[in-house]
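Before any comments, here is the structure.
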Amino acid sequence: MHYLTEIFAKVIFMGIMAAFIASCAGERPNPGVNNVTLLSCPSSPNCVSSQAADEAHRIAPLSFGVDPDAAFLLLRQILSGRRDTRIIAGEAGYLRVEFHTALFADDGEFLLERNTKVIHVRSASRIGYSDFGKNRSRMEDIRRSFEAVVKVR
């Protein structure tokens with residue numbers, strides 16, 4: 001009987017752990033562009049956006065001095081080459097991606113603004129309050145990769 005109790009306890013524990021890990025991914029939001037504006041960041045510190053009004057969430061957009069479509073294609077290639085990134089949706093001048101860490105999924109967006117030669121960026125955690133700066137550091141890493149191959153203005 002003790003043996004069956006031990007097996008039952010392990011099965012219950014594994015079920016709880018599986019549910020916990022599945023909940024870490026969170027549901028994919030449906031951000032998208034609304035009148036050339038990316039979705040606003042929530043009040044929590046786990047989001048950065050180049051269109052944010054407040055300094056806590058603000059990050060610089062990607063800027064370039066080459067043809068806008070060529071710059072956006074290079075960004076897409078950079079993102080496609082990252083092991084932690086999966087492109088979810090892409091259309092002319094807009095990309096939506098998922099960034100993956102060991103347990104969590106974050107959402108990223110990139111919006112081309114042709115006339116000013118910038119690409120607006122947004123990255124946000126799906127769940128939790130703090131990301132310990134992960135969204136900002138990831139976007140800065142993407143910026144370094146982008147600037148290494150694209151002529152900056």
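Values in this text are rule-based calculations from the coordinates and carry no lab data. These figures come from a predicted structure and were not determined experimentally. Cβ coordinates were reconstructed from backbone atoms using ideal geometry, including for glycine residues, and neighbour counts include every protein chain displayed.
Near SER137, within a Cβ-to-Cβ distance under 11 Å, what is the net charge of the other residues, with Lys and Arg +1 and Asp and Glu -1?
+2
Starting from 0.36 nm per residue, how many nanometres of slack lie between ALA53 and ARG144 once their C-alpha separation is accounted for?
Here the segment from ALA53 to ARG144 would lengthen by 30.4 nm.
For ASP67 and THR101, compute 0.36 nm times the residue count separating them, minus their Cα-Cα distance, and round to one decimal in nm.
Value of the extension gain: 9.0 nm.
Using C-alpha positions alone, give me the convex hull volume of the range 29-149 per residue in cubic angstrom.
102
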